[in-house]
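Report on the following structure.
The values are calculated or read from the model by the stated rules, or taken from the named source; none is laboratory data. These numbers were taken from a predicted model, which means no experiment stands behind them. All Cβ positions, glycine included, derive from the backbone under ideal geometry; neighbour counts span all protein chains shown.
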């Protein structure tokens, strides 16, 4: 039962990370990482070391009212390696609407994570994903597209 509780705590951590990403809750997201965390997003194209550098990248890339995203993770495979370390693999499906750049981005990937438990709390020490596919479509290809609800909605 203890292992199941630890695995559930790690799942909740990853879900929080994804929620904070889409809701742009950067201060809350900081709680998900160790201070020395590392990332390797987009097959290593966007690699960062340190919680501050990771959050700076995410806010620079996503912290605009018009930038809308939906990141969904599922099918977790979590392996407890010790009482305070674990690894996880997650399937990712993401959708990004970026009117400022005139793009829709959609894809799928697999996250590989490392977790550590410090002071009784699980945190992400490493997270990164490798794409299975990604496609980019110009918004100009969807002339009738109108955002009617959401953080950046103009007609909501």
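Exactly one residue out of 113, 60 is loosely packed, with under 12 Cβ neighbours inside 10 Å, under 21 Å from residue 25 (Cα atoms) and either in contact with a helix residue (DSSP H, G or I) (Cβ under 8 Å, 6 or more places away or on another chain) or free of Cβ contacts under 8 Å to residues at least 40 places away in the same chain (or both): that is 60. Suppose we keep only residues that are in contact (Cβ under 8 Å) with a residue 12 or more places away in the chain and either more than 14 Å from the chain's Cα centre (by Cα) or surrounded by fewer than 16 Cβ atoms within 10 Å (Cβ to Cβ) (or both) within the stretch 38-50. Which one would you say is nearest to residue 96 (Cα to Cα)? Only one residue fits best here, namely 42. Checked against the criterion of being under 15 Å from the mean Cα position of the chain (by Cα) and closer than 21 Å to residue 3 by Cβ, the candidates 123, 72 yield just one match: 123. When 92, 80, 97 are screened for being at negative phi, at pLDDT below 95 and surrounded by 16 or more Cβ atoms within 10 Å (Cβ to Cβ), only 97 passes. Among the residues of the stretch 15-54, those identified as in a helix (DSSP H, G or I) and in contact with a strand residue (DSSP E or B) (Cβ under 6 Å, 6 or more places away or on another chain) are 18, 21, 22, 51, 54. Inspect all residues belonging to the stretch 15-30 and state whether any of them is within 17 Å of residue 85 (Cβ to Cβ) and modelled with pLDDT of 95 or more. No, the stretch 15-30 has no match at all. Among the residues of the stretch 1-29, the one identified as under 21 Å from residue 69 (Cβ atoms), surrounded by 15 or more Cβ atoms within 10 Å (Cβ to Cβ) and more than 12 Å from the chain's Cα centre (by Cα) is 11. As for the stretch 52-59, it holds no residue that is more than 12 Å from the chain's Cα centre (by Cα) and closer than 21 Å to residue 89 by Cα.
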